[in-house]
Structures are given as structure tokens and as C-alpha cells.
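The structure appears right after this line, and notes come after that.
The values are calculated or read from the model by the stated rules, or taken from the named source; none is laboratory data. Every value quoted in this text rests on a predicted model; they were computed, and no experiment measured them. With ideal geometry, Cβ positions are generated from the backbone for all residues, glycine too; neighbour counts draw on all protein chains shown. When the accessible area is computed, the model is the full protein with side chains, heavy atoms only, and any ligands, DNA or RNA have been set aside. Shrake-Rupley method; radii C 1.70, N 1.55, O 1.52, S 1.80 Å.
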Amino acid sequence: MQLSEQELIRREKLQKLKEAGIEAYPADEYKITHSTQKIKEHFKEGEKVRVAGRIMSNRIQGKAGFSELQDSEGRIQLYFNRDVLCPDDDKFKYNDFYKKLLDLGDFIGVEGELFVTKMGEKTIMVNDFTLLSKVLRPLPLPKTDEEGNVHDAFNDPELRYRMRYVDLVVNPQVKDIFVKRTRLFNAMRNFFNDRGYFEVETPILQSIPGGAAARPFITHHNALNIPLYLRIANELYLKRLIVGGFDGVYEFSKNFRNEGMDRTHNPEFTAMEIYVAYKDYNWMMDFTEQLLEHCAIAVNGTSKATFGEHTIDFKAPYPRVSMTDAIIKYTGFDITGKTEEELRIAAKGMGIEVNETMGKGKLIDEIFGEKCEGNFIQPTFITDYPKEMSPLTKIHRSNPDLTERFELMVCGKEIANAYSELNDPIDQRERFEEQLKLSEKGDDEAMFIDQDFLRALEFGMPPTSGLGIGMDRLIMFLTNNASIQEVLFFPQMKPEKTSSIELSEDEKIILSILENNNSSLNLTDLKSQAGLSGKKWDKSIKTLTKHSLVKVIVDGETKTVQLSD
């Protein structure tokens, strides 16, 4: 393994710590009395405190130095005075340990007293400190100049998502997204629990991937010698529990779909589904409005949320528009009573790409998705879907060609889907058989026939309404993030390219920019996008060319940097 200069220096310091008898990774508990936030909120000059965290900055001058310590709640200034820290003749702890052997990023525990500097900064006068963990890689810390301009920011998306542990340290504002995510889950859970509904768990490994039209991941159970599928939805298991006598059940489930990845889709995602007996989709629309207003306020303190250029208001009630009316409004085409071929011709006429595997439901879905979805910015219920689009939904009580289903659209995206659930076992079997025909035509997202679920329905399921919400997408809207990767701690990434050469973070940034620009970029533009200081840029590009990872091509006065073949 080839180490950078900084990594070698840190390992040398680690060796010196060992030689001095200092444990760099102690096992003992370090008792903490305060967090940085608690200190600042309840500041009492002269109070003794014990805190722990990372060193994030140092300003050392002779016999005194200031450092900044960051814990999980914020930062606070530390003041190290040689004579306070080392009142006897032995000045090792200040002169060598603090000044020479500690690095930015190291974890330390601090004991001291609170005071306010002449500049008005709340500070801890350090009486003693303990090394809790030595850091062997330098953190990519941003720097701010006198004009307030930030340099060397750790903002490359691929690096941030791949090394979220670093992202959370050097970009502490990222943590707020995940704090709000937890608030959302807690608010939703409390809303359900207060109404007497039960949180349950259902299988992730399933013999039949039911409950949605999606392509599953497939695995194999060695002991049983059978194929198994990662869950694409938990719907059919939750409805089995309604058959079993529960009046209301819900689950936050990890679902998996072996489909495309983009800014709004990750192959592993979190959904919430709830099923309530003796209710219908009209009741569920009222319930959903109340739920989302409650959640928005819990997360942001208001029913309003900013998403891009839009201000969304989750305050109930929401408009209700049938799918048929929406398509007429935005295309002028009425889907009522149309055959599969008529729908296919109409879709082609609208410039929508279709193929022969698509049945009526898929064709209507494509028309709505391409021509209508993007027009619904404020929360809007799209209701009464055609029967062919909804194989698990009860037939509409006044129109047998439609179903009692709604989707909630926000900023042109679906965040919730709900039905009056189909509880007629004969009708359900016929719907499954229609899905089987689509599968035989080549539709790899058509639903499987779940014979056990049909058997459960034959034992009787009361009238029921169910709701599913995409939790990742909902928190995107509540935190103003257009990419799903921003709201997942560890989103799925392409395999990291490996080489025998250990690259610095600066060098990785340059390679990442080139990969995202078709492997080639004007040198001036590349240097600007990398955002590195002149010294760091020169060192990084020299290393990359030395190891033949990139090459600089000169054409007259134009210089272009390319990834090497």
C-alpha cells in the first residue's frame, strides 16, 4: 500500500506516541459531563466540564494555543496554556504531545473550566486532555479566507456519498438531513400508535415477490434448495394480518427493486405501508392529509416546505382529480373505453415510446407519466385509476372500468399510493391471471400469482383501505433535496475503481471530475472545478501524470487533461 506524505507523517507520530507510553486507542470509558451544545445553551463561567470530540482546527503560538473541538452537537473553542496544562517542570504534554503529536481529526477528551475570551468567545480552559483515537488519514477540511471564500470544500457528490463518514464530519450541515429523517419516522409512528394501530414486521426474503409491479432481486436458499426474492413490497403480508383479525397494521419496510438508478430511485429504499379494516379510499384520503400535515410540522415546524423553486404546503385539504380528467386536461385525449391498440396509437401520437409488451394499464401509465405528472406541484390526489393499472384494487362502486385508488402527487412525483383493497378472492384470482398473460408477453414487471394470498382471501378479509408512502422521497421534499442519494446514509454506488496506487483525496477529486465529463476536460476548466489551491493542484496533477492515470495533451495554446486508457 502506497501512503501519502501526510499518512506517513501520522504513522510516525503514532510510533512516537507508543514510545512515549501513550495509548493511541485506549479501551477505557471516558466520562463526559457536557456536550458542546449544552455548554453554550447553559453557559456558566468557571464551571468544570468534561467533553470529548475531534480536533477540527489549531492556532498554536508559543506557550498557548487555541483549538476547536467538534462533537455530535457542534463545536467549542479550547484554550491550551502550557503552564496550566504542565504546572511542573515537565512540559512534555504541551510542548510535544499537544503541539507536535496531535493532528486535526484526532479524538480527545478534555477536562477544564469555562471562561469567555476578550473576543467574547465561549471557551474551555484545558486543565488536562486524553487522546482517545489517533487519526491516520487527514480529513479533507475546507478552508475559509479573509473574504469568507471557501476553498478545498469536500463537495464532490460521488466522494461524499461513497465516504459518508467523512461527509458528516467535514460538512456538519448534512447531519441535519438525517436528524429530520428520524423526526419524520418518529412523527409518523406516533401518529399511527396514537390511533391504536400496530407496528409489525413481515418477511424480506419471499418465495413470491408480490404486492407491486417491479423486477425483483433473486437469491437462492441452499438448505431448502429453492429460489427466494428480496421483498419488492410488503402489501400481501400485511393484508394477511387483516385477515387474521388486526384492525390496523403498519410497517416501515426495506424494499428492493432490481431496476434503474437515478436521482429519485435507489435499488434499496424505505416504504411505509398501513392497512386499516372497515375503511375505504375516501377515508384514507382524509387520513393521509392529516398524516402529512402532522409530519411536515414535526419535521420543519410548519406545514410549508421549500423544494427547488417551489414552496409546497402540506396543510389539508388537498385537491382531488381523477386520472381520466387529468389526461383529458393535459392531452385532450379521453382514455374511457379505449382498446389497447387505440391507447398504443394515441401514445405514439403523443411522442411516447411504447412497445408490444405493454398492456392497457402500462400504456395509460406512460401517458399520464409523460404528459400529466409534472403539472401537479402542490399536493394533489389523482383518483380512480383504470382497472388494468391496479390489480390489487377494488372495482369502483359506480364505474366497473375504474378502481378505487389514489396516488398523491407532489412536485410531479408520486409519494403515496392507496386503495380500497380488493377482498373478493375470485376477482383477485382473475386479476392475477391477467398479470400472468402480461408476463407471458414479456412484461418482466408483471405480478406473480400468490396462491397462498388467494387462500387467505378465501378465509375472508373485511373491507380495508391501504396506504403506501415512499419515505425517502417524502424526506427529499421536506429537506429540499432533489437527489435521493442526499437523504440516504449509504446510497448504492457504482463499484469504486481500484488501483495499486493509493491516491490522495485531491487526486480522487480530479479523477472523479474527469469521469463525469467523458474522461476529458480543458485543463483550466478542470482546475476550476477541482477547487484546489495552486500548490495542491500542482502536486496532484504531477502525481496522476507520473503514474500514467491522466495525460495532458497540448494543442497550440489549448491544454486538455484526459484519463489514460
In square nanometres, what is one fourth of the surface area of the convex hull spanned by the alpha carbons of the stretch 9-70?
6.2
As an exercise, use a Förster radius of 60 Å and the Cβ-Cβ distance of Thr182 and Glu12 to find the FRET efficiency, rounded to the nearest 0.05.
0.90
What ³J(HN,Hα) values, in whole Hz, does the Karplus curve 6.51 cos²θ - 1.76 cosθ + 1.60 give for the stretch 362-369 when θ = phi - 60°, with x put for Gly and Pro?
5, 5, 5, 4, 5, 4, 5, x
In the chain, carbon and sulfur make up what percent of the accessible area (probe 1.4 Å)?
49
Kirkwood radius from Cα pairs of the stretch 177-272 plugged into Stokes-Einstein at 20 °C, 1.002 mPa s, gives D in µm²/s equal to 143
For Lys360, counting only lysines whose alpha-carbon sits under 28 Å away and dropping same-chain residues fewer than eight positions off, the answer is Lys239, Lys329, Lys338, Lys348, Lys371, Lys387, Lys394, Lys413, Lys437, Lys441
Using a cut-off of under 16 Å, list every residue of the stretch 386-428 whose amide N is near the label point 7 Å from the Cα of Phe246 along the Cα-to-beta-carbon line.
none
Looking at the calculated P(r) for the chain, what percent of the C-alpha pair distances fall above 35 Å?
53
Using modelled backbone amide H atoms (1.01 Å from N, in-plane), which distant-in-sequence or interchain residues come within less than 5 Å of Arg50's amide H?
Thr33, His34
Considering the alpha-carbon set of the stretch 277-407 alone, what are its Rg and its Dmax in angstrom?
16.7, 50
What is the magnitude of the charge dipole of the stretch 253-300 about its Cα centre, with +1 placed on the Cβ of each Lys and Arg, -1 on the Cβ of each Asp and Glu, and no other charges, expressed in debye to the nearest 20?
160
Accessible surface, the stretch 66-199, averaged per residue in Å² (probe 1.4 Å)
49
Could you list the residues of the stretch 468-497 with an amide nitrogen less than 18 Å from a label point located 7 Å from the Cα of Glu199 in the Cα-to-C-beta direction?
468-472, 475
Along its principal axes, what span do the Cα atoms of the stretch 289-358 show, with the longest given first and each in whole Å?
50, 24, 22
Euclidean distance between Cα centres, the stretch 222-251 to the stretch 536-565, Å
55
Computed magnitude of the charge dipole of the chain (debye, nearest 20; Cβ of K, R +1, Cβ of D, E -1):
1660
Could you give me the ³J(HN,Hα) list for the stretch 410-425, computed from phi with Karplus coefficients 6.51, -1.76, 1.60 and θ = phi - 60°, whole Hz, x at Gly and Pro?
9, 6, x, 10, 7, 10, 8, 9, 8, 9, 7, 5, 6, 10, 8, x
Between helix 340-349 and the chain: long-axis angle, C-alpha atoms, 0 to 90°, nearest 10
50
Could you name the lysines in cross-link range of Lys535, using Cα to Cα under 21 Å and dropping any fewer than eight places away on the same chain?
Lys143, Lys508, Lys527, Lys546, Lys551, Lys559
Per-q log10 I(q)/I(0), the stretch 49-179, q = 0.17, 0.18 Å⁻¹ (Debye; single scatterer per alpha-carbon; no solvent)
-0.97, -1.07
Distance in nm between Val554 and Ala20 label points, each 7 Å along Cα→Cβ, equals 4.8
Kindly rank 472-483, 169-180 from highest to lowest mean number of other beta carbons found within 10 Å of each residue.
472-483, 169-180
Mean projection area, nm², convex hull over Cα of the stretch 385-505
12.6
Spatially proximal lysines relative to Lys180 (Cα-Cα < 16 Å; intrachain offsets below 8 disregarded):
Lys304
Longest principal axis of the chain (C-alpha) makes with the long axis of helix 281-300 (C-alpha) an angle, in degrees to the nearest 10, of 10
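Counting helices only, and only those DSSP H runs with n ≥ 4, report the 222 nm mean residue ellipticity of the chain as the sum of -39,500 (n - 2.57) divided by its residues, in deg cm²/dmol to the nearest 500. Show your work: numbers first, answer last.
Working: 17 runs with 185 residues, N = 565.
One gets -10000 deg cm²/dmol as the mean residue ellipticity at 222 nm.
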Any chance you could give the angle, 0 to 90 degrees and rounded to 10, that helix 505-515 forms with the longest Cα principal axis of the chain?
30
Residues whose placed amide H lies under 5 Å from that of Phe307, excluding near-sequence neighbours
Ile312
